[in-house]
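The values are calculated or read from the model by the stated rules, or taken from the named source; none is laboratory data. These numbers were taken from a predicted model, which means no experiment stands behind them. Cβ: placed from backbone, ideal geometry, glycine included. Neighbour counts: every protein chain shown. To get the accessible areas, we keep the full protein, side chains included, count just its heavy atoms, and leave off ligands, DNA and RNA. Shrake-Rupley method; radii C 1.70, N 1.55, O 1.52, S 1.80 Å.
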Amino acid sequence: MVSRVIPVEPFDLVIFGGTGDLARRKILPALYRRFRAGQMPAGARVIGAARADRSVEDYRAFVRGALMEYGLSAAGEQIEGAFLDLVQYVQIDVTGAQGWDQLADKLLPGRVRAYYFSVRPRLFGALAERIQAHGLASEHTRIVVEKPFGNDLDSARALNATLAAHFDERQIYRIDHYLGKETVQNLMAIRFGNMMFEPLWNSQYVDHIQITVAESVGVGGRGDYYDRAGAMRDMMQNHLMQLLCLIAMEPPAKFDPDAVRDEKLKVIRALGPVEPYHIVRGQYQANGERPGYREEVGNERSFTESYIALKANVSNWRWAGTPIYLRTGKRLVARSSVINVVFKDAPHSIFGEEAGRHANLLSIRLQPNEGITLKVTIKEPGPGGMRLVDVPLDMSFAEALGPDSQSATDAYERLIMDVIRGNQTLFMRGDEVEAAWAWTDPIISGWTAAGDVPKPYEIGSTGPGDAELLMKRDGRQWQGINP
């Protein structure tokens, strides 16, 4: 299967922080792949903006190096000079006056202008103010801001107010790369494109839902940030929250940015408070071969969680009484992102007790080995009576859609092109961000006030043992973390 490429109109994309790590690893390679795919027009331009004193030739050499390291699919492939010809550079002082007139001279009138704020959040306000002050904004201007969108409700509100003072909400694109993943978007296709699921998608038929985002890596070079954030702020409040919204939302009236985001917002606002005994925090420990969390972040007294599991409830007519269990952690047994929808047992079994109890399970694998598995109950082959077993109806996207699906578009490729097109469906709205923090803040405040200490867990495990007890108290169990 070959994906259809729809070219966008010519644009100017300015990357503030154009020499930074995010630009090198994600933004520039994503743009190059879209250029190679034929989606970027020849008239498009990419303008790096940073404090470093570089010539355009120096910056193009930097871009070439980034593409060689992160952007090529085959070793030895040559960078197309036509892409580098689109690249410009401006030395600029984000908080001062230097470079803004030079940037203005490079921008072309009458086209989309996208400003990517690949800088620290504390600089967002200064950037937004100076873009307006120097006359660099128009009705076709968009700004792209990276998470974190604040670190609590107050800071999120302050950030939103700062951006809103200079740009309309329709011009602000809060990028969460998780929403750009092909399989995350497939959640909407699975739910709203298949009649067989929607009649069963409610508390009458669903016993519970499990959402797992497991990572096998540690905090790596993000130790300073991560120790201030933790798994709750870094993953639960945004990535897992978005998965919860997509799995629990009502069907929007149409596939329209605000219609979709309105329904997601309703889910967040319907989330009930989480009791302390429905929360498990963990921290991975050194095992002799690999350092523990505290060693990696350089803080021997850290009480920051690298793992969190909790039981959430959506208090609306569709989901009342159906718990949603969420867990995420680092240094776990495998890298795996999966949503498991566990259906209720049949109300009455005609086969007798010896046949056992059986429930259907819909497993949506987001990464790796993207696909869907539906476990159904059949008769075990052979004589000797009616014995029931569960078997999977398994569909791997790679097998079903062909080898091209394995080289699926990177999240940043899709999201950047959506910015240029003016499509905000996969971007978080300001009120959505604030609602997520309004639910998250009391949870964090609760364990902070109680002096809660994360439970230790082994590297390469499924997390702390208390997470298993969280499920066992309800007569349930986690589905396995499988690579």
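Looking at the chain, send over the antiparallel percent of its DSSP beta bridges, to the nearest 5. Beta bridges within the chain, antiparallel portion: roughly 55 percent.
According to the calculation over all Cα-Cα pairs in the chain, the P(r) per 20 Å bin from zero is 21, 53, 23, 3, 0 %. Each label was represented as a point 7 Å from its Cα along the Cα-to-Cβ direction; for residue 70 and residue 106 these points are 1.8 nm apart. For the stretch 80-182, trypsin sites (Lys or Arg not before Pro) meeting the loop criterion (DSSP other than H, G, I, E, B) and having at most 13 other Cβ atoms within 10 Å: none. Note on residue 147: lysines with a C-alpha under 17 Å away, same-chain residues under 8 apart excluded, are 26, 181. Taking label points 7 Å from Cα along the Cα-to-Cβ direction, residue 295 and residue 468 give a separation of 2.5 nm.
Descending by average beta-carbon neighbour count within 10 Å, the peptides 144-150, 363-369 line up as 144-150, 363-369, the highest first. Evaluated on the stretch 104-191, the Kirkwood hydrodynamic radius is 14.5 Å, with distances taken between all distinct Cα atoms. Ligands, DNA and RNA are left out, and with a 1.4 angstrom probe the accessible area of the chain is 45 Å² per residue. By the scheme Lys and Arg +1, Asp and Glu -1, what is the net charge of all other residues having a beta-carbon under 14 Å from that of residue 97? Cβ neighbours under 14 Å give a net charge of -1. About its Cα centre, the chain has a charge dipole of approximately 120 debye under the convention of +1 per Lys or Arg Cβ and -1 per Asp or Glu Cβ, with nothing else charged.
Between residue 453 and residue 80, residue separation times 0.36 nm minus the direct Cα-Cα distance comes to 129.0 nm.
Note: relative contact order over the stretch 125-258, using C-alpha pairs below 8 Å and six or more positions apart, is 25 percent. Positive contributions from Lys and Arg (+1) and negative ones from Asp and Glu (-1), summed over other residues with Cβ under 10 Å from the Cβ of residue 293, come out at -1. Annotation for the stretch 126-172 versus the stretch 450-482: alpha-carbon center distance of 39 Å.
Near residue 20: Cβ cut-off under 11 Å, other residues only, Lys/Arg at +1 and Asp/Glu at -1. The net charge is +3.
Expressed as a whole percent, the accessible area of the stretch 140-231 that falls on carbon and sulfur atoms is 53 (1.4 Å probe).
Across the chain, C-alpha contacts under 8 Å between residues 6 or more apart give a mean separation that, scaled by the residue count, equals a relative contact order of 18 percent.
Loop-located GluC sites (Glu not before Pro) in the stretch 32-134 (DSSP state other than H, G, I, E, B) with a sparse environment of at most 15 neighbouring Cβ atoms within 10 Å: 77, 80. Which lysines does residue 344 reach when only Cα atoms under 26 Å apart count, and residues fewer than 8 places away in its own chain are ignored? Here the lysines satisfying the reach criterion relative to residue 344 are 264, 266, 311, 375, 379, 472.
Taking the convex hull of the alpha carbon positions in the stretch 187-248 and averaging its projected area over all directions gives 5.5 nm².
The listed residues 394, 105 rank as 105, 394 when sorted by accessible area, largest first, using a 1.4 Å probe.
Taking 0.36 nm per residue of separation and subtracting the current Cα-Cα distance, fully stretching the chain between residue 438 and residue 129 would add 108.5 nm. Restricting the chymotrypsin sites (Phe, Trp or Tyr not before Pro) of the stretch 196-287 to loop positions (DSSP other than H, G, I, E, B) with no more than 16 neighbouring Cβ atoms within 10 Å leaves 197, 205, 255.
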